[in-house]
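Novice: Sharing a structure, written as structure tokens. Questions coming.
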Amino acid sequence: MKNIFIIYTGGTIGMVQDENGTFVPFDFDLIQKNIPDLSRVDYQLTVHSFEPIIDSSNMTPAIWLQMAQLIRDNYDRCDGFLILHGSDTMAFTASALSFLLEGLQKPVILSGSQLPIGEFRTDARENLMTALEIASTKHNGVSVIQEVCILFDNKLFRGNRSFKYNSAKFEAFRSPNYPVLAEAGIHIKYNFDALLNNQQEELVFHDKLDNRVGVLRLFPGMRLETIQAILESDVRSIVMETFGSGNTTTDPNFLALLKQAIDKGKIILNISQCKVGSVELGRYETSQGLKAIGVCNGYDMTFEAAITKLMYLQGEFGDQDSVAFWVEKDIRGELTIND
């Protein structure tokens, strides 16, 4: 019998309406009550519920570390892990866990729903049962999935390649820069060429995150005083969201502010505001200056992966040179280097 460890954090999947008609989190018993099939599956389910239940808008790095610790503590005795989580920050959590759990050889699947479990047209049952099946699937005794993923609307995505793009449809997530890992229809079809296959023999658990990360999202006409305030804030690194393939204004005053921040030891990571495509530093004149002053290339990383990767690297390394070196490397399948 397969042993699946379920971490229930909360989220829409377990919500009920209070007397004012507002959706509020409930406990895992509600899910079990509304999905009687759970009592008939050929799995041994171990459930850990967070107390109090967490709305995903209240997610924090400290909670990510708690989840990773739970997976480490139960890793040897379980075949797979399912995290029930609110969809709003699910991609952040999936990305963070991918970095904290190095060398995974078992599946960690995050899922949830757009409608609460008790609603007539809920997507909760399908997501939950499909996620359980994927979390338990093995081939020749080896887990088919060996990474952190998101399962939503019959599609399995790499966690650190995904983002929530729609709050009104069951198809809530997309991963435009990396193929879907599996798709569930009558049968579950796996895209084996896209799956991570870890050769590392043991799981390495990382237990530090440094959240001194800022964000600079550019727009035409942005005041230099605003940019300066962000660059001079008390952070070690800044995710700079640029135009197109990594382009910015060529205003020498703007470039001087970036160079000043880099010279003071700050890391500036360039990712695109576009959801599809990659940063190509130096391709256009408008990004040549960035490359020359030492801006780091984020390639096709999602915003969620960029933020959590910097938190992870800053937790691992006290020196900025190491962070700057590793942030441009593919360490968990989170980016594609197009040099």
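The values are calculated or read from the model by the stated rules, or taken from the named source; none is laboratory data. For clarity, every value in this text was computed on a predicted model and none was experimentally measured. Here Cβ is always computed from backbone atoms with ideal geometry, including for glycine, and neighbour counts include all displayed protein chains.
Novice: If a residue must be assigned to a strand (DSSP E or B) and without any contact (Cβ under 8 Å) to a residue 24 or more places away in the chain, how many such residues does the range 208-230 contain? Write out each step before concluding.
Specialist: Step one: filter the range 208-230 for residues assigned to a strand (DSSP E or B), giving 213-217.
Subset that is without any contact (Cβ under 8 Å) to a residue 24 or more places away in the chain: none.
The total comes to 0.
Novice: So which residues in the range 123-143 are surrounded by fewer than 17 Cβ atoms within 10 Å (Cβ to Cβ) and not in a helix (DSSP H, G or I), if there are any at all?
Specialist: If the condition is that a residue be surrounded by fewer than 17 Cβ atoms within 10 Å (Cβ to Cβ) and not in a helix (DSSP H, G or I), then Lys138, His139, Asn140, Gly141, Val142 are the ones that fit.
Novice: Turning to a different aspect of this structure: Can you spot a residue in the range 261-275 that is under 18 Å from the mean Cα position of the chain (by Cα) and under 24 Å from Asn197 (Cβ atoms)?
Specialist: no
Novice: In the range 277-331, which residue that is outside any helix (DSSP H, G or I) and among the hydroxyl-bearing types (Ser, Thr, Tyr) is farthest from the chain's Cα centre (by Cα)? Before you say what the answer is, go through the steps one by one.
Specialist: Here is the first cut: in the range 277-331, the residues outside any helix (DSSP H, G or I) are 277-284, 294-302, 317-319, 328-331.
Adding the requirement that they be among the hydroxyl-bearing types (Ser, Thr, Tyr) leaves 278, 284, 299, 302.
Values: Ser278: 18, Tyr284: 30, Tyr299: 16, Thr302: 9 Å.
If we take residues in the range 277-331 being outside any helix (DSSP H, G or I) and among the hydroxyl-bearing types (Ser, Thr, Tyr), then Tyr284 is farthest from the chain's Cα centre (by Cα).
Novice: To continue, here is another question. Read through the list (1) closer than 27 Å to Ala168 by Cα; (2) touching a residue at least 60 places away in the same chain (Cβ under 8 Å), then give the number of the only condition that Phe99 fails.
Specialist: Here Phe99 clears every test but (1).
Novice: Then there's this: Mind listing whichever residues of the range 142-188 are among the charged types (D, E, K, R) and touching a residue at least 24 places away in the same chain (Cβ under 8 Å)?
Specialist: In the first step, residues of the range 142-188 are kept if they are among the charged types (D, E, K, R); the result is 147, 153, 155, 158, 161, 164, 169, 171, 174, 183.
Glu147, Asp153, Lys155, Arg158, Arg161, Lys164, Lys169, Arg174, Glu183 - these are the residues of the range 142-188 that are among the charged types (D, E, K, R) and touching a residue at least 24 places away in the same chain (Cβ under 8 Å).
Novice: Something else: What's the total number of residues in the range 191-207 that are surrounded by 14 or more Cβ atoms within 10 Å (Cβ to Cβ) and in a loop (DSSP other than H, G, I, E, B)? Quick ask: steps written out before the conclusion?
Specialist: If we filter the range 191-207 for residues that are surrounded by 14 or more Cβ atoms within 10 Å (Cβ to Cβ), which is where we start, we get 194-196, 198, 203, 205-206.
Now narrow it down to the ones that are in a loop (DSSP other than H, G, I, E, B): 195-196, 198, 203, 206.
Qualifying residue count, the range 191-207: 5.
Novice: Please determine whether any residue of the range 24-42 is in contact with a Ser or Thr (Cβ under 8 Å, 6 or more places away or on another chain) and modelled with pLDDT of 70 or more.
Specialist: no
Novice: Just a yes or no: is a residue in the range 106-122 in contact with an Asp or Glu (Cβ under 9 Å, 6 or more places away or on another chain), at pLDDT 95 or above and in a strand (DSSP E or B)?
Specialist: yes
Novice: Which numbered condition trips up Ser237, out of (1) more than 19 Å from the chain's Cα centre (by Cα); (2) in contact (Cβ under 8 Å) with a residue 12 or more places away in the chain?
Specialist: So Ser237 meets the others, but not (1).
Novice: Any residue that is at pLDDT below 95 and more than 16 Å from the chain's Cα centre (by Cα) - is there at least one of those in the range 145-163?
Specialist: Yes, that holds for at least one residue.
Novice: Out of Gln146, Gln114, which single residue is surrounded by fewer than 23 Cβ atoms within 10 Å (Cβ to Cβ) and in contact with a Ser or Thr (Cβ under 7 Å, 6 or more places away or on another chain)?
Specialist: Details: Gln146 fails: in contact with a Ser or Thr (Cβ under 7 Å, 6 or more places away or on another chain).
Testing whether each residue is surrounded by fewer than 23 Cβ atoms within 10 Å (Cβ to Cβ) and in contact with a Ser or Thr (Cβ under 7 Å, 6 or more places away or on another chain) leaves just Gln114.
Novice: I need the full set of residues from the range 148-197 which are of a type in the set (Ser, Thr, Tyr) and more than 19 Å from Thr89 (Cβ to Cβ), in order please. Please lay out each step first, then the result.
Specialist: Residues of the range 148-197 of a type in the set (Ser, Thr, Tyr): 162, 165, 167, 175, 178, 190.
Correct list: Tyr178, Tyr190.
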